[in-house]
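Since the structure comes first, as structure tokens, the remarks are kept for the end.
The values are calculated or read from the model by the stated rules, or taken from the named source; none is laboratory data. Everything numeric in this text was worked out from a predicted model, so none of it was measured. Because the Cβ atoms are built from the backbone with ideal geometry, glycine has one as well, and the counts that use them run over all protein chains shown.
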Amino acid sequence: MSNHRMSVINGLTDIELPLVTGDLTATGVQYSAAVDTTTANVDVVVLSKTINPVLLGNNQLLAIEFGLTAEVKAITSATADLIWKWQARNTGGTWVDLHTAVTETNPGTTYLSRTRQGKFLVQANLNQAKIDVQLLMQCNELNEGRAYVNSASYVRLIFL
């Protein structure tokens, strides 16, 4: 099942694909599965997804827009620090950081919602329609970081 939105305006094709899908929850918001850190100061992959739109004809990728919302917290610690970042790449290629790593100092045990959004012009290692997107997180304390991705997260590919 394809779960995307496509439009064509002034010769540009725009395809938006969600990162998280599934059943509605009682709050009306969907989330990916929660992922916990285990080893201190080692990245874990919170979410990894391949974006592979179905295209007809010879389309030139011009830009990629990301709207990425993660929710992060410490599980029980009042002193744990979390570091997280979003990355993308041409499928199977070299990862490109979409922003500098963010440090949440002593975030507490209530989820903090964090969004990174913006357009990227095509660049080396991020210039094809089929891309991988991932959220990485680490914690400075053993077994203390937890995160998931909100269903508001999307990737929009813009073609000529």
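Tell me, please, whether a residue that is under 22 Å from Gly28 (Cα atoms), of a type outside the set (A, V, I, L, M) and over 17 Å from the mean Cα position of the chain (by Cα) can be found in the stretch 110-119.
Yes, some residue in the stretch 110-119 is under 22 Å from Gly28 (Cα atoms), of a type outside the set (A, V, I, L, M) and over 17 Å from the mean Cα position of the chain (by Cα).
Look at Thr109 and say whether it is touching a strand residue (DSSP E or B) at 6+ places or on another chain (Cβ under 6 Å), of a type in the set (S, T, N, Q) and assigned to a loop (DSSP other than H, G, I, E, B).
yes
If we scan the stretch 57-74, do we find a residue that is aromatic (Phe, Trp, Tyr), within 15 Å of Ala147 (Cα to Cα) and in contact (Cβ under 8 Å) with a residue 40 or more places away in the chain?
Looking through the stretch 57-74, none of the residues is aromatic (Phe, Trp, Tyr), within 15 Å of Ala147 (Cα to Cα) and in contact (Cβ under 8 Å) with a residue 40 or more places away in the chain.
Kindly indicate whether Thr110 is among the hydroxyl-bearing types (Ser, Thr, Tyr), loosely packed, with under 15 Cβ neighbours inside 10 Å and within 20 Å of Ser48 (Cβ to Cβ).
no
Since Ala80 meets every condition but one in (1) closer than 20 Å to Ala34 by Cα; (2) in a strand (DSSP E or B); (3) aliphatic (A, V, I, L, M), which condition does it not meet?
(2)
Please go through the stretch 83-116 and give me each residue that is under 15 Å from Thr37 (Cβ atoms) and in contact with a His (Cβ under 8 Å, 6 or more places away or on another chain), ordered by number.
Selection gives Lys85 alone.
So in the stretch 125-152, with the set limited to residues that are modelled with pLDDT of 95 or more and small (Gly, Ala, Ser), which one is farthest from the chain's Cα centre (by Cα)?
Gly145
Do we find a residue being free of Cβ contacts under 8 Å to residues at least 40 places away in the same chain and either at positive phi or assigned to a strand (DSSP E or B) (or both) anywhere in the stretch 120-129?
Looking for residues that are free of Cβ contacts under 8 Å to residues at least 40 places away in the same chain and either at positive phi or assigned to a strand (DSSP E or B) (or both), one finds at least one in the stretch 120-129, hence yes.
Residues of the stretch 34-80 being closer than 22 Å to Gly92 by Cα and hydroxyl-bearing (Ser, Thr, Tyr), which ones?
Within the stretch 34-80, Ser48, Thr50 meet the criteria.
What's the number of the only condition in (1) modelled with pLDDT of 95 or more; (2) assigned to a strand (DSSP E or B) that Ile158 fails to meet?
Result: Ile158 passes all but (1).
Sort out which residues of the stretch 91-100 are in contact (Cβ under 8 Å) with a residue 24 or more places away in the chain and in contact with a strand residue (DSSP E or B) (Cβ under 6 Å, 6 or more places away or on another chain), and write them in order of number.
Thr91, Trp95, Val96, Leu98
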